[in-house]
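Colleague: My questions all concern the structure below.
The values are calculated or read from the model by the stated rules, or taken from the named source; none is laboratory data. Computed from a predicted structure; not experimentally measured. Cβ placement follows ideal geometry from the backbone for every residue including glycine, while neighbour counts extend to all protein chains displayed.
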Amino acid sequence: MELLKQLNQQLLAREERKLIRQRRTVDSPCGPRVTVDGRELLAFCSNDYLGLANHPGIKLALQEGVAMYGAGSGASHLISGHSRAHALLEERLAAFVGDHLESPRALTFSTGYMANLAVITGLTADDRDAEIFSESLNHASLIDGARLARASVKVYPHADLDALASLLAASNAATKVVVTDSVFSMDGDLAPLPALLALCEQHGAWLVVDDAHGFGTLGARGHGALEHFELRSPYLIYMGTLGKAAGVAGAFVAAHETVIETLIQKARPYIFTTAAPPALAHALLTSLDLLEGDDGMKRRAHLQALVAQLDEGLHLQRWQRLPSTTAIQPILIGDNAETMRAGAALYEQGLWVGAIRPPTVAAGTSRLRVTLSAGHSSLEVAQLIAAINALERT
């Protein structure tokens, strides 16, 4: 078939540019040490930042949830799929981040991708003249949400407040929406949220914050980027994921109750999908207790100690560790082929580190994306440091 031939040619072109991606099948629970094809690896590539994905208490809660609610929800939330477990989780999440919002309410989603699509399209559904102002390093879900919204989209350079201020000042739109990651997933740095919020309040714009990589890890109680920066405003719309630091699955949006009711009525990714299994929501109640309690505080402190250890231990000459105080620790290499060789060499040593290439990152900025977890020990991080230092010099 000519159509298959065309696809094969496209795949070959990707292969030539060292852009083919491959899946590996894991036979063990998520954790610092995983089994892949019968081989144990020390993994530095998951987003299980606090080491909760295999926590005994959360596993027991999940089993309890299945016993109470069964395996599936059976329908969308607006038909019959909204269970008591979902309702309790939304109440708990609203309280979890509610100190930073006016009249807070929360809405849960099956994934963070769906949550971001829902927020951006739902906010602009009835205003074709709306304008969206998107950070240049935003996650793909925010970019796709802006595309689906069919609104005017302006992209401002990374953390460039002056550029954003000029764009907002020139806008006559009744609905203005600024969207940004809090922790940028490939760089690990933090968005200047206080200054962004000040601009949004000045110009009457919503500030949508995707805190996928900050929820649970930032803030004294793990309440995320809003707690970290001590922000509070009715202009804030907050998205947090529940499959990274929280260790389970799903996502939520928290905002003023009127915003949430608007999403329930208008957001197609919420309306037209089967609700997530109630057992997951039940398990997440235990996860939130862990995040907020003493155990969560200890895990966040240990994670920060590991970040400091990596910072002090890496002595790079050709490669560059990008500045980051979060669990995401990128090592910029640049060339696609060299990045793949580095990832493969580490893998052969039993160290699993993500090798990130375009289009996930810009051309010429391929990198190793090291992700640390509270489940790692200092000895394991020392092993990684020694391997990277030695590899860079070969």
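Colleague: Can you report the number of residues in segment 361-391 which are in contact with a helix residue (DSSP H, G or I) (Cβ under 8 Å, 6 or more places away or on another chain) and at pLDDT below 95?
Modeller: Of the residues in that region, 0 qualify.
Colleague: Right, another one. State all residues of segment 268-280 that are within 17 Å of Gly74 (Cα to Cα) and in a helix (DSSP H, G or I); if no residue qualifies, say none.
Modeller: Selection gives Pro269, Tyr270, Ile271, Pro278, Ala279, Leu280.
Colleague: State which residue pairs qualify: first residue without any contact (Cβ under 8 Å) to a residue 40 or more places away in the chain and inside segment 325-349, second residue among the charged types (D, E, K, R) in any location, beta carbons under 6 Å apart, and separation of 6 or more residues or different chains.
Modeller: Leu332/Arg367; Ile333/Arg367
Colleague: Quick one: which helices (runs of 4 or more DSSP H) sit completely within segment 1-102 and have at least 2 residues that are closer than 23 Å to Gly224 by Cα?
Modeller: 56-69, 84-97
Colleague: Kindly check whether there is at least one residue in segment 29-43 that is surrounded by 13 or more Cβ atoms within 10 Å (Cβ to Cβ) and touching a Pro at 6+ places or on another chain (Cβ under 8 Å).
Modeller: yes
Colleague: In this structure, does Ala283 turn out to be assigned to a helix (DSSP H, G or I), surrounded by 14 or more Cβ atoms within 10 Å (Cβ to Cβ) and not assigned by TED's automatic domain parsing to the domain that holds Ser378?
Modeller: Yes, satisfied.
Colleague: Check whether at least one residue in segment 333-356 is over 22 Å from Arg24 (Cα atoms) and surrounded by fewer than 18 Cβ atoms within 10 Å (Cβ to Cβ), and report yes or no.
Modeller: Yes, because at least one residue in segment 333-356 is over 22 Å from Arg24 (Cα atoms) and surrounded by fewer than 18 Cβ atoms within 10 Å (Cβ to Cβ).
For every residue, the table says whether it meets (1) closer than 27 Å to Ala195 by Cβ; (2) surrounded by fewer than 16 Cβ atoms within 10 Å (Cβ to Cβ).
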residue: Val248; (1), (2): no, no
residue: Thr262; (1), (2): yes, no
residue: Arg268; (1), (2): no, yes
residue: Ala276; (1), (2): no, no
residue: Asp294; (1), (2): no, yes
residue: Arg299; (1), (2): no, no
residue: Leu310; (1), (2): no, no
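Colleague: To continue, here is another question. Could you tell me whether segment 52-68 includes any residue that is surrounded by 15 or more Cβ atoms within 10 Å (Cβ to Cβ), among the small types (Gly, Ala, Ser) and within 30 Å of Glu338 (Cα to Cα)?
Modeller: The answer is no; no qualifying residue exists.
One line per residue, one yes/no per condition, for (1) at pLDDT 95 or above; (2) on the phi > 0 side of the Ramachandran plot; (3) not small (Gly, Ala, Ser):
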position	(1), (2), (3)
Arg14	no, no, yes
Cys30	yes, no, yes
Arg39	no, no, yes
Ser80	yes, no, no
Leu88	yes, no, yes
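Colleague: If we only count strands (runs of 3 or more DSSP E) wholly inside segment 311-391, which ones have 1 or more residues that are more than 21 Å from Val183 (Cβ to Cβ)?
Modeller: By residue number, 328-334, 351-356.
Colleague: Would you tally the residues in segment 115-146 being modelled with pLDDT under 95 and either surrounded by 22 or more Cβ atoms within 10 Å (Cβ to Cβ) or closer than 19 Å to Cys200 by Cα (or both)?
Modeller: Matching residues across segment 115-146 total 2.
Colleague: If the Cβ limit is 8 Å and pairs must be 6+ apart or interchain, which residue in segment 299-314 that is closer than 13 Å to Ile328 by Cβ and outside the structural domain of Thr217 (by TED's automatic domain parsing) pairs with which residue that is small (Gly, Ala, Ser) and part of a helix (DSSP H, G or I)?
Modeller: That search, which allows pairs on different chains as well, returns Leu306/Ser378.
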